[in-house]
Structure formats: structure tokens, C-alpha cells
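See below for the structure under consideration.
Each reported figure results from applying straightforward, stated rules to the coordinates on display, with no laboratory input. All of these numbers come straight from a predicted model, not from anything done at the bench. When we count neighbours, we look across all protein chains shown, and the Cβ atoms used for this are built from the backbone with ideal geometry, even at glycine.
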Amino acid sequence: MSRLARWLVIPVVLGWFITYNKHLLLKIPTYGFIAYAIMGGPTPPYIDDAIFKHHEEFLKPGSVVLSTPAKSGTTWTMYTLHMLRMRGQPAPFRDIYEEVPWLEFIYYPGQSMDDRIRHLNTASSKYPLRVFKSHSYPPAMPVRDDLKYIVIVRNPFDVAASAREFFTNHGKKFADMWGGFPPNAGEDEQMSEKDFEQFLLGDMGGGKSIAEGLAIDILRNWWPYRNRTNVLILHYADRISDDETQIKRMADFLNLNLTSSEIRSVADQVTYKEMKKVQEKVELRHVFDEYKDQQLIPRDVFILRTDTGGSMMQRGPKRSGNDELSPRFLQKLQDILDKFLGPKALEWYKNGGRIPYEEDLRGQ
């Protein structure tokens, strides 16, 4: 083999190696997640919807999938669904993520698909009613007649304000494990609005921003299913204004046949005030324990910071994006919303109330 040929072999072999071991790019400090994304890895790098190619292996008939954008009442609804299936009297547990597993979460770089499926089946097999959390949506997530789907959304301006604070509440060592994602993890101050605007609203490839992918696509792709009997779409604002009614809707949707007193018991225990009393159960403190025991993850790695007194439950219903974000940022986000939502759908997306079943979204 000539010297030139030998030199040409090096990039070919290196390219092949990275293609099948791209998680090793996450070892690059600070910017590893960018290199990982360039090579086709997902963003965030620990959320991968390829799991749904194997959905029949873990989504058994009768399972419930909670599909929601980030920072839209996900943990609140996970806790509520768990309380519902336990009829307001749950057995002691230590981490809601051990009871309601996250479908597309990767627990450590390089985790095999077989191990992810095994974990989902192990965690969900504790209860007759299997409930899963997801930030994914159709078409990546299959919509099957033998499953039930609960979708909950929140005013996108409030979501943006919550996300900005949430990034800094991630553990620094967790972010290091994932090539520096999320940016500003473990910092004492929030990401500057300029950096946050670029991160959330800037082009992340293919002409799409993270805001469009996370906040708009989930609504757009569930919208055609809004009349399906096995799909229930809820709004965060409606839970705030009359949660007992929304909890009853969920119970009826799941055919749980709870009594009025059981509904009230659930409603009483999932208020912001009561959940703050058991906050340690929703802070993802134990989700890595199995893998720490196997020495696949260091003992001092946690998804959320342990020095701030809690990160998952921040300001709750008092959060207001209109008060926390600049007019410039709000207008840019508004421009994105106007591209895809008609006036009735946009009003509902912001404030809840009656779903405008008759209005198709733009581009549908």
C-alpha cells in the first residue's frame, strides 16, 4: 500500500469509528454536544426518540403515555397520574421517575437500546396500569388504538421563562457527562437573555429552532388527533383554575371509576403546597442508582443540582413569561407562534379553556 493510500485510510477508519461510537464525542468538554449533534446525535443528547422503533416491546396494551413539552407541568401530571392509579393512597416511594419512567431518556452515554428497553419494562411492571412520561410526539411516537395518551401544554411564554431558569439548575457533572449540555448548568446566574435567545430561538439546523421543535411541534403533531377517544388534551391553566375537574377528567378518561372522595384526596395531595412537602420525591435523586451500583455513572452525578434546595418545582403557578422576558424576546417567540397557529388555537395555547376543535393549525 502506498504512503498516500495509508494516509487516506486514516480518515475513513476514523469516520467509521465515530459513526458507530459517536457518544465518545461527548467527552469533549463544553462543546461535545455540538460535535455529537453534527454527527447525527439528538439534542438534548440524553433524549432519543429512536426508542419508539421498538414500542411494542415496552408499551403494552392499556399503557398510558403522558406526552408534554418540557416545563409544561410534566412532573405535576406524572405525580397526579400516579396518585390516580393508587386511588389517592400511594404506597411509599422515593422518586416519581422510578414509578413513571421517562421513555426516551438515555441514562448514560453509549447505553444500548436493549438495556433501555429492559429498564422501561422493569420500572413499569410494578403496577397494573403502566404510565410513562415522554417529551416526544407523533410521528416519532406511534399512536396506537390500544394505548391512551394524555397531552398537556402550557402558555409558551411561561414555558420559556421556566426553561431559562431550569438550565442553570442542572448539575454541572451531569452536563459534563453529556458534552456540556445543557449550557450554563450549575451556574449561579441564569443564562443571559441574549444567549438564551440564541439558544432557544436560533437555527439549530434545517431552519428550525429549539422553540419550534419543543414548544410548537408537539401541539401541531397532536392536533390532528384531538378528536380521538384515546387522546386527552389538557391545559396547564385549566389545572390551575379548577384542578379537581381536570383530575376527574383524567380519571374518567382512564376508566378508573374513582369516587368523589378519592378524586378530592388526589386533588388535595397534588397542590403546589402539598407537593413542596414531598419535593425530594420529584427531584430525580435516585434515577441513576441502578447504574451507579454498576459503576457506569459516578456517585456524585445528579441530573439536578443538590445545593439549591430543589430545582424541579420552581415558582409553580406564579410564573409569568410576560413579566420575566423582554418585549424583544416575547415578540420573536410570538412571531414563531403566528407562523403555525390560527387565532383561536393561539388564544387557547396561551390561556386554556375550550379547545377549538374546529380550527386546523396552519400547515396541517
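Structure data summary
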item: Dipole magnitude (debye, nearest 20) for the range 165-302, charges at Cβ of Lys, Arg, Asp, Glu; result: 500 debye
item: Difference of contour (0.36 nm per residue) and Cα-Cα distance, ASN255 to GLN294; result: 10.1 nm
item: Overall Cα dimensions of the range 42-351, principal axis frame, Å, largest first; result: 51, 49, 39
item: Ordering of 45-58, 159-172 by packing [mean C-beta count within 10 Å, highest first]; result: 159-172, 45-58
item: Gain upon complete extension [ARG228, GLU244; 0.36 nm per residue less C-alpha separation]; result: 3.4 nm
item: Full-extension gain in nm, MET86 to SER265, via 0.36 nm per residue minus C-alpha separation; result: 63.4 nm
item: Listed residue (LEU330, MET250, TRP76) projecting farthest to the positive dipole end of the range 42-351, Cβ model; result: MET250
item: Inter-label distance, nm, simple model (7 Å from Cα along the C-beta direction), LYS27/ASP360; result: 5.1 nm
item: Projected label distance in nm at LYS277 and ASP307, using a 7 Å step from Cα toward the beta-carbon; result: 3.1 nm
item: Net charge over other residues, Cβ less than 9 angstrom from the Cβ of GLU197 (K, R count +1; D, E count -1); result: +1
item: Kirkwood hydrodynamic radius of the range 205-306, from inverse mean 1/r over distinct Cα pairs, in Å; result: 17.5 Å
item: Simple Cβ-charge dipole of the chain, Lys/Arg +1 and Asp/Glu -1, about Cα centre, in debye nearest 20; result: 360 debye
